[in-house]
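J.: Attaching a single structure in structure tokens format; questions to follow.
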Amino acid sequence: MTGFTGADVTISGTAGGTKTVTVNDSGDHMTYDVAVSGMTDGTVVASIGASGAQDAAGNMNTASSSGDNSVTYDHTPPTVTVNQASGQSDPTSTSPIHFTAVFSEAVSGFQNGDVTMGGTAGGSMTASVTNSGDNRTFDIAITASPGTSRLRTPHRWSRSRRRRSASSTPGAPRT
Ligand SMILES: [Ca+2]
Ligand SMILES: [Ca+2]
């Protein structure tokens with residue numbers, strides 16, 4: 001087959017941009033790589049119209065048929081915002097504390113270990129992520145883990161108070 005060039009390939013789909021099509025003969029003049037570049041996000045659909053190329057006898061090609069000639073191009077990373085959940089009291093005396101993460105597009109793979117917790121609150125904290133169902137909006141519940149230093153603090157404090165009161169016992173009140 002001869003005469004097949006990028007100009008014979010029709011690109012449709014939802015992707016914008018100034019698309020460039022390059023065709024490369026595998027060597028047998030039958031199978032060609034069709035490379036599309038320059039597109040913005042969206043679907044890229046390639047097809048070939050009739051009569052763009054011909055065989056040795058001069059017969060022009062028929063229009064293309066396809067099993068799957070559509071590829072979705074997505075070059076935009078998801079962005080995400082995190083804010084205290086609506087209805088979350090601030091300050092609060094109640095655990096867990098709820099935040100809401102909203103991604104700019106549906107995501108997969110967002111889980112508890114992806115949450116970084118900072119701030120001045122002591123002790124270890126556990127994050128629990130719950131998908132709202134649309135894969136974009138997630139509830140993040142932060143719970144103080146059992147056995148944290150925050151939870152032990154009252155015991156240390158009462159022990160030291162006992163020591164102080166015990167050591168002060170021998171001393172008789174001055175008169
Ligand atoms: Ca496809
Ligand atoms: Ca994306």
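The values are calculated or read from the model by the stated rules, or taken from the named source; none is laboratory data. Being a predicted model, the structure only gives us computed values, none of them experimental. Glycine gets a Cβ as well: all are built from the backbone with ideal geometry, and neighbour counts include every protein chain shown.
Each row is one residue, and each column tells you yes or no for (1) in a helix (DSSP H, G or I); (2) within 16 Å of ligand 1 (Cβ to nearest atom); (3) touching a helix residue (DSSP H, G or I) at 6+ places or on another chain (Cβ under 9 Å).
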{"site": "A57", "(1), (2), (3)": "no, no, no"}
{"site": "S65", "(1), (2), (3)": "no, yes, no"}
{"site": "F110", "(1), (2), (3)": "no, no, no"}
{"site": "G122", "(1), (2), (3)": "no, no, yes"}
{"site": "V129", "(1), (2), (3)": "no, no, yes"}
{"site": "G133", "(1), (2), (3)": "no, no, no"}
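J.: Okay, next question. Among (1) more than 16 Å from ligand 1 (Cβ to nearest atom); (2) without any contact (Cβ under 8 Å) to a residue 40 or more places away in the chain; (3) over 30 Å from S145 (Cα atoms), which single condition is G118 missing?
T.: Unmet for G118, out of (1) more than 16 Å from ligand 1 (Cβ to nearest atom); (2) without any contact (Cβ under 8 Å) to a residue 40 or more places away in the chain; (3) over 30 Å from S145 (Cα atoms): (3).
J.: For the subset of the stretch 86-105 comprising residues that are under 17 Å from T126 (Cα atoms) and in contact with a strand residue (DSSP E or B) (Cβ under 8 Å, 6 or more places away or on another chain), which member is farthest from ligand 2 (Cβ to nearest atom)?
T.: S95
J.: On the given criteria, is A144 surrounded by 12 or more Cβ atoms within 10 Å (Cβ to Cβ), touching a helix residue (DSSP H, G or I) at 6+ places or on another chain (Cβ under 7 Å) and touching a residue at least 24 places away in the same chain (Cβ under 8 Å)?
T.: So A144 fits the description; yes.
J.: Still on this structure: From the list S145, S128, S160, S168, pick out the single residue that is of a type outside the set (K, R) and at pLDDT 95 or above.
T.: Testing whether each residue is of a type outside the set (K, R) and at pLDDT 95 or above leaves just S128.
J.: How many residues does the stretch 57-102 contain that are in contact (Cβ under 8 Å) with a residue 24 or more places away in the chain, surrounded by 10 or more Cβ atoms within 10 Å (Cβ to Cβ) and more than 30 Å from V34 (Cα to Cα)?
T.: 11
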